[in-house]
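The block underneath contains the structure these notes are about, expressed in structure tokens.
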Amino acid sequence: MKSIISTDQAPSAIGTYSQAVKVNNTVYLSGQIPLIPDTMEVIAGGFAEQTEQVFKNLSAVCEAAGGCINDMVKVNIFMTDLSNFATVNEIMAKYFKQPYPARAAIQVSKLPKDVEIEIDGVLELPNVD
């Protein structure tokens, strides 16, 4: 059985998808881009500001699902320039504790709304007895 996860603390879906879908204790998170939830506008600033906003958005969806960002087991990072990867590592270290999730980093030519980064992933909720 699947259930849809939705929160107003993260940007609403701008297409035919859900913020996340939960199946048993696994949550599949849709890609988050650096939109401010209240305005649905791209955050001002450069790559670091965009990356911070993406992790804030992911955190909000994880919390709405009943977990936290540190429960993510897989992270897929899409960037328009892989030379920004050191910035991703620095910011990611503020949101995750060891053991870190599995991760992929992929350079793409373009992302929605011409942002520089998008992240999706998989969350495994802790067993609650």
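The values are calculated or read from the model by the stated rules, or taken from the named source; none is laboratory data. Note that the structure is predicted; figures quoted are calculated from it, not measured. We place every Cβ from the backbone using ideal geometry, glycine too, and count neighbours over all the protein chains shown.
In the range 27-36, what residues are closer than 13 Å to Val61 by Cα and part of a strand (DSSP E or B)?
Val27, Tyr28, Leu29, Ser30, Gly31, Gln32
Within the range 25-72, take every residue that is within 10 Å of the chain's Cα centre (by Cα) and of a type in the set (Val, Ile, Thr) and give me the one that is farthest from Lys113 (Cα to Cα).
Ile69
Quick check, is Ser18 crowded, with 16+ Cβ neighbours inside 10 Å and within 12 Å of Ile119 (Cβ to Cβ)?
So Ser18 does not fit the description; no.
Report, by residue number, each residue of the range 66-89 that is part of a helix (DSSP H, G or I), in contact (Cβ under 8 Å) with a residue 12 or more places away in the chain and surrounded by fewer than 15 Cβ atoms within 10 Å (Cβ to Cβ).
Leu82, Phe85 - these are the residues of the range 66-89 that are part of a helix (DSSP H, G or I), in contact (Cβ under 8 Å) with a residue 12 or more places away in the chain and surrounded by fewer than 15 Cβ atoms within 10 Å (Cβ to Cβ).
Got at least one residue in the range 50-58 being modelled with pLDDT of 95 or more and of a type in the set (A, V, I, L, M)?
For the range 50-58, residues modelled with pLDDT of 95 or more and of a type in the set (A, V, I, L, M): present.
State yes or no: is Ser109 loosely packed, with under 14 Cβ neighbours inside 10 Å and of a type in the set (S, T, N, Q)?
yes
How many residues does the range 81-129 hold that are within 16 Å of Cys68 (Cα to Cα), over 13 Å from the mean Cα position of the chain (by Cα) and of a type in the set (Ser, Thr, Tyr)?
1
Filter the range 2-16 for residues that are part of a loop (DSSP other than H, G, I, E, B) and not charged (D, E, K, R) and give the result.
Listed by number, the residues that qualify are Ser6, Thr7, Gln9, Ala10, Pro11, Ser12, Ala13, Ile14, Gly15, Thr16.
Assess whether Glu63 counts as being crowded, with 18+ Cβ neighbours inside 10 Å, charged (D, E, K, R) and closer than 22 Å to Ala10 by Cα.
So Glu63 does not fit the description; no.
Filter the range 37-58 down to the residues that are assigned to a loop (DSSP other than H, G, I, E, B) and among the β-branched types (Val, Ile, Thr), then identify the one that is nearest to Lys74 (Cα to Cα).
Ile43
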